[in-house]
Structures are given as C-alpha cells and as structure tokens.
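Take a look at the structure set out below.
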Amino acid sequence: MRILVADTFPETPLNEITRRAHDCAYEPETTTDQLPDKLDGHEVLVVRSTRVPAEVFDRADGLRLVIRAGSGTDTIDLDAASARGVHVCNVPGRNAVAVAELACALLLALDRDIVENVTDLRAGRWDKKHHARACGILGRRIGVLGLGKIGLAFAERATAFGAEVHAVTKPERDRQTLERARAIGVHFVDSLHELARTCDALSLHLPATEATRGLVDRELLSLVQPGTIILNTSRAELVDEDALIEAMDDKGVRAGLDVFADEPAASTGNIDSRLAGHPGVYGTHHIGASTEQAQHAVATEVVRMLDAFDAGEVPHCVNPGAAVPAQQDQPVSPTPLSSGRA
C-alpha cells in the first residue's frame, strides 16, 4: 500500500510500517491546504491534528482509508469521505490516560495557584500568605461530563485524590461502563442542571456533536457556585467562550482549558483569544494526548490497523456505510468498535 503519514509519528512504529513492505511517505509538516496535492497515488492517509476537508476526497481518487491517530474525527469531513467510498477510522482509548492526567494537572494547578506561585518566585517575590489559600481536592464534588474511556480514567484519578465524582444518569449507558463507574465510586444525579448546581468542579470529556456543542452555556453557568472550576480537555465547541468569560468576571469561576475556538491549525503560530488571555484561565496548547506513552500506544494501534486493512478489514471504522469505490481491488469489511465515549 502507498501510505501518507501527514503528522508527527513515533519513529519505531513508522519503521514497522516500512518493514511491512509498504511505500510510506512521512511528511509531518503537511498542512491542510497541501493535502490534496500530496495524496496523488496514495491509498491511505494517517493524520493527527491536520484537518481533512471535502476537497481532499474530491481530488484524491485512489484514497481508500483515512486513519485519525486519536479518538475524535470531527476534523475530517465524514460525509465527503463516505460519498467517495473512503473509510475513516479512529484510534479510541489509547490516549485516555494522557488526557486524564492533564485534566488532573489543571485541577491541581488551579487549586494551588501554581502558575502565580511560579511567576512570583521567578520575579523575586515571596508572598506565602497570598498563595496559601487552596481548598484542596479531598472531599470536593467533581462532576464528570462524559463517561467514556477518558472520563472514566479522569474519575479514577480524581477519586484517588479523595474527591467525590458525580455524573448524570443516562439509561442508554452500556453495562460495562456502569460497572466500571460503580467500581470507581461514581455517584449519579438525574440531570446536568443538578450536576452544575451541586459540584465544585466540572470536567468535560465529550465529543463535539450537535447535541454537545455549546453545552456549557450561560444557562448552565448561571447554576454553578461561585469559584467553580471548569475543565475542558476535549473540544472547544463544548463551551460558549463568551459565557465562560462572563462567569469568570461575575462569579469568580476559573477554568483549566487545553482547547480554544481560535487556536492555530498548525503546531506553532499566534493565537488571538480573549479566553486564553483571561486571568481566570490556566491554558495549555492542545497537548492532552501529547505524551510519549500515549503517542506510542496510538501509533502501535495504527500499525495494527494497517495490517488489518491490508487483510481486508477496517477496525474502528466510524463510517461503515461508505460506498465502495469502483477502483477498489478487494472488498473490505468494516469492523466498527466503540469510540470509548458515553
């Protein structure tokens, strides 16, 4: 197979792809605008954060598979892919621990004013009285929105700190998720509004869908207690940024955010974001999944998926109804698996 890897990829799994006699082009600096010109003759595209718009599928006649080396696929035009007979797959769950660790780090940093402590020390200022105001995590009520693999991994770590973890009851949750949640000690409430009213912190672990976009809006933020912490390590679209800024200004809400609506598409650049610059925000650079452990785990799974595709299967397929392109020389069997989100 001819494969284009258009984002950063660990060296050892990349060598494994080449050892399998595939023609693999590694071009991690490829931009979205360059993708259509780079895909000529390639059957498989592997991306992480690079967006894959409809134009890619309109022009890449030989493309058969796109693998998103991560869990979310909202950066890929699924309708265009399906119309062109291109299967799109994700790699669910392999970066869950890394994202959960960052959410915990943001929670702890906000509680202990870590950024301000470091800033003052580097400036030669000593103000123990001002910075000794932490609430602590023990006994605090933390609401988790989304009990997929990442949400559950975060819940495990939060309970290890002695927090009470709460989530909204959903009748459609599968038994395995419920059993794991109960083993962790998750408490269930009847509604999102009740979660907002009763918790000291809310941590978001949901995909961006029509149902979740703008979920944290003015109405929800009007219910939270003053000083509540909002954590978002999933998708910027979940939060109404203007409403969050108002809540920080009016109620002393604080936020730990790894995602922003105006973040650059490339790995470096400038960001013009009122939210990112707000003093109530501890922000990171969309690095939730960017640990060596997580990236190696994701890349290893990508290699396994390429082997499966070469054998006629499509693991973790998110668009199993994709039309079969006329030039495809062998049938493939989509084998959709859970995305790890619930």
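The values are calculated or read from the model by the stated rules, or taken from the named source; none is laboratory data. Predicted, not measured: the structure shown is a model, and the values here were computed from it. Glycine gets a Cβ as well: all are built from the backbone with ideal geometry, and neighbour counts include every protein chain shown.
Listed values, structure above:
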quantity	calculated
Selection within segment 222-237 - crowded, with 23+ Cβ neighbours inside 10 Å and within 21 Å of Asp262 (Cα to Cα)	Ile230, Leu231, Asn232, Thr233, Ser234
Residue in segment 297-313 that is out of contact with any strand residue (DSSP E or B) (no Cβ under 7 Å at 6 or more places or on another chain) and polar (S, T, N, Q) present	yes
Criterion (touching a helix residue (DSSP H, G or I) at 6+ places or on another chain (Cβ under 8 Å) and surrounded by 21 or more Cβ atoms within 10 Å (Cβ to Cβ)) met by exactly one of Gly93, Gly146, Gly136, Gly185	Gly93
Which numbered condition Ala294 misses (of (1) among the aliphatic types (A, V, I, L, M); (2) over 23 Å from Leu102 (Cβ atoms); (3) modelled with pLDDT of 95 or more)	(2)
Boolean, Asp120 is touching a Cys at 6+ places or on another chain (Cβ under 7 Å), within 21 Å of Gly280 (Cα to Cα) and outside the structural domain of Pro13 (by TED's automatic domain parsing)	no
Filtered residue count, segment 149-166, keeping only those that are within 19 Å of the chain's Cα centre (by Cα) and surrounded by 22 or more Cβ atoms within 10 Å (Cβ to Cβ)	8
Matching residues in segment 231-248 - criterion: being outside any strand (DSSP E or B) and either under 17 Å from the mean Cα position of the chain (by Cα) or at pLDDT below 95 (or both)	Thr233, Ser234, Arg235, Ala236, Glu237, Leu238
Residue count for segment 257-279, restricted to those that are surrounded by fewer than 12 Cβ atoms within 10 Å (Cβ to Cβ) and over 16 Å from Thr50 (Cα atoms)	4
Residue in segment 295-312 that is within 24 Å of Ala261 (Cβ to Cβ) and not charged (D, E, K, R) present	no
Unique match (being small (Gly, Ala, Ser), farther than 15 Å from Leu106 by Cβ and assigned by TED's automatic domain parsing to the domain that holds Val44) among Ala243, Ala247, Ala308, Ala265	Ala308
Segment 277-294, residues that are of a type outside the set (S, T, N, Q), touching a residue at least 60 places away in the same chain (Cβ under 8 Å) and in contact with an Asp or Glu (Cβ under 8 Å, 6 or more places away or on another chain)	His286, Ile287, Gly288
